[in-house]
Amino acid sequence: MNTSTIVETRIATVMLDDNGIMNITLKDCSEIDEYDIVDLNLVLKHLANKQPTFKISDTRADWKISKAANLKSKEEDLTSNTQARAIIISKNIKSTLLSFIHSFMKTNYPQKIFYTKDSAYQWILEQKRIYEANQKK
């Protein structure tokens, strides 16, 4: 039985799947502003329902982010309950996007960059398994 929840925002499709993994797929859009970040984070917090979150962020679409949105994104990340994040990038990533992605590299949780969704998904499932095993101790 598929109980996945899917929510569309202007900049992303967000899906909480049957394994409890939050899949965030950015859409082709013009510039992402701080209001887009607030909107996206409201969706993420609602779907997470105060539970630890394991995220896959697929950033392979064509998008740009404003400086204000970049700052807001970092601010929102500090208040999230993220336990691990896998970031999927294109092999042809633009330097500005790579710079934005690297800005998230200093986190208090495991984070890794991938080129394929399959490898990202396997890694995030392993991170969730490790987290859950540590919670039982």
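Of the numbered criteria (1) touching a Phe, Trp or Tyr at 6+ places or on another chain (Cβ under 7 Å); (2) at pLDDT below 95; (3) closer than 25 Å to Thr5 by Cα; (4) not charged (D, E, K, R), the one Ile56 fails is (2).
Here Ile130, Ile124, Ile65, Ile87 are screened, and the one residue that is hydrophobic (A, V, I, L, M, F, W, C), crowded, with 18+ Cβ neighbours inside 10 Å and modelled with pLDDT of 95 or more is Ile124.
Ile37 - would you say it is within 15 Å of Ile6 (Cα to Cα), within 15 Å of the chain's Cα centre (by Cα) and of a type in the set (Val, Ile, Thr)? Lay out the reasoning, then the answer.
Values: within 15 Å of Ile6 (Cα to Cα): no; within 15 Å of the chain's Cα centre (by Cα): yes; of a type in the set (Val, Ile, Thr): yes.
Here the answer is no, as Ile37 does not meet what is asked.
Screening the candidates Leu16, Leu47, Leu42, Leu26 for the property of being of a type in the set (A, V, I, L, M) and surrounded by fewer than 14 Cβ atoms within 10 Å (Cβ to Cβ) yields one hit, Leu42. Looking at the range 100-117, is at least one residue aromatic (Phe, Trp, Tyr), modelled with pLDDT under 95, closer than 20 Å to Ile6 by Cβ and part of a loop (DSSP other than H, G, I, E, B)? No, there is no match, as no residue in the range 100-117 is aromatic (Phe, Trp, Tyr), modelled with pLDDT under 95, closer than 20 Å to Ile6 by Cβ and part of a loop (DSSP other than H, G, I, E, B). Scanning the range 6-17 for residues that are of a type in the set (A, V, I, L, M) and not in a strand (DSSP E or B) yields a single hit, Ile11. Do we find that Thr3 is outside any helix (DSSP H, G or I), hydroxyl-bearing (Ser, Thr, Tyr) and at pLDDT 95 or above in this structure? In short, no.
So which residues in the range 50-76 are of a type in the set (Ser, Thr, Tyr) and part of a strand (DSSP E or B), if there are any at all? Those that are of a type in the set (Ser, Thr, Tyr) and part of a strand (DSSP E or B): Thr53, Ser57.
Please specify each residue of the range 18-46 satisfying the condition of being in contact (Cβ under 8 Å) with a residue 40 or more places away in the chain and assigned to a helix (DSSP H, G or I). Residues satisfying the conditions do not exist here. Residue pairs whose Cβ atoms lie under 8 Å apart, separated by 6 or more positions or on different chains, with the first residue in the range 108-136 and more than 19 Å from Pro52 (Cβ to Cβ) and the second of a type outside the set (Val, Ile, Thr) and part of a loop (DSSP other than H, G, I, E, B), are Tyr115/Ser90; Tyr115/Lys91.
The values are calculated or read from the model by the stated rules, or taken from the named source; none is laboratory data. Being a predicted model, the structure only gives us computed values, none of them experimental. Virtual Cβ from ideal backbone geometry, glycine too; neighbours counted across all protein chains shown.
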